[in-house]
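The values are calculated or read from the model by the stated rules, or taken from the named source; none is laboratory data. This structure is a prediction, so every number in the text was calculated from the model and none was measured. All Cβ positions, glycine included, derive from the backbone under ideal geometry; neighbour counts span all protein chains shown.
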Amino acid sequence: MRILAVIDVIGVFAFALSGLIEARRRDMDLVGLFVVALVTAFGGGTLRDLLLDRTPLFWIEHDIYAIAILGLAVAFALIPATGRVPPGVLVVADAFGLGLFSVAGAGYALEAGTSAFIAALMGVITGTFGGVIRDVLCNELPSLFRQTPLYATCAFAGCYLYMALLRAPLMGEIAVGIAIIAIAAFRLAAVRWHWVLPFRGIDHAGSCSASGGVCQPTRLFLIAQPRSYLAVRDDAPLGRRSSRHGKAHRPGPLQLPQAAAPTEFGASVWAGRSQCPKAAATPASGAARRLRR
């Protein structure tokens, strides 16, 4: 069996394990475990094969991969101890899956006659897009698109290292092993010391940094009333909060209007944008908003 095929097999099970651990942590049933593990293991490689016009797809040609993942999913569903796997195991499995699939993707791209840059991109796609689909199925914004420890960067750099080693007087197997270990070590170091790419966020308030204010999310309170809900923001100045009847109230910072009672789920709902405490309030910032059922 060729070295790239061996890497594919090991990478499939490394990524399948990471998908199973993540799905188990979210209390998914057997179907959820199998689907998440399947797309995590085959998502990146499938996209790579489609872009490189390689048919049949590797996991369709070798159905034993899918059958083996189904067996792992059954084991995870029936063994309670699998729900207590330490988070570090997920990080390590994901790091080595990234290294294995990235090198395999770059190798297949080179065999297809692509340039070095495209081969590196194929390696990144192979190594990362299974995790992207996994995060989407688990109802998360994919970590690839957030300011998290380096992930795609590790794969991209490792693919170039692999191609550089291929030009040196080294055997292909040695170059493959060095590149896989380098990508996995780079990823684990990024997680350990929180290495991220330079990033400057958008200052929605405009003067938070200049004024020394601390940007915080706007807080909403849901208030139950007959056939309606009121959402009251707590960032408005005192005396500017009003009910839906237009009567002004002067409650304390967290006090609700007397005519309404908190809902049973009385927890605060946090809006998805930041608001600077020192920024001037908008004209409607203290107005109560009526949300129809």
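Can you confirm whether the range 139-147 contains a residue that is in a helix (DSSP H, G or I) and either among the β-branched types (Val, Ile, Thr) or in contact (Cβ under 8 Å) with a residue 40 or more places away in the chain (or both)? No; the residues of the range 139-147 include none that is in a helix (DSSP H, G or I) and either among the β-branched types (Val, Ile, Thr) or in contact (Cβ under 8 Å) with a residue 40 or more places away in the chain (or both).
When the range 136-149 is limited to residues that are at pLDDT 90 or above and either under 16 Å from residue 18 (Cα atoms) or polar (S, T, N, Q) (or both), the one that is surrounded by the fewest Cβ atoms within 10 Å (Cβ to Cβ) turns out to be 136.
Do we have any residue at all in the range 25-45 that's acidic (Asp, Glu), touching a residue at least 24 places away in the same chain (Cβ under 8 Å) and crowded, with 18+ Cβ neighbours inside 10 Å? No, every residue in the range 25-45 fails to be acidic (Asp, Glu), touching a residue at least 24 places away in the same chain (Cβ under 8 Å) and crowded, with 18+ Cβ neighbours inside 10 Å. Would you confirm whether any residue within the range 114-128 is at pLDDT 90 or above, surrounded by fewer than 19 Cβ atoms within 10 Å (Cβ to Cβ) and closer than 16 Å to residue 185 by Cβ? The answer is no, given that none of the residues of the range 114-128 is at pLDDT 90 or above, surrounded by fewer than 19 Cβ atoms within 10 Å (Cβ to Cβ) and closer than 16 Å to residue 185 by Cβ.
Would you check if residue 79 is crowded, with 19+ Cβ neighbours inside 10 Å and not aromatic (Phe, Trp, Tyr)?
no
One residue is enough: does the range 18-40 have a residue meeting the conditions closer than 26 Å to residue 82 by Cβ, more than 23 Å from the chain's Cα centre (by Cα) and assigned to a loop (DSSP other than H, G, I, E, B)? Within the range 18-40, none of the residues are closer than 26 Å to residue 82 by Cβ, more than 23 Å from the chain's Cα centre (by Cα) and assigned to a loop (DSSP other than H, G, I, E, B). Quick check: anything in the range 188-198 within 29 Å of residue 88 (Cβ to Cβ), surrounded by 12 or more Cβ atoms within 10 Å (Cβ to Cβ) and aromatic (Phe, Trp, Tyr)? Yes - at least one qualifying residue is present in the range 188-198.
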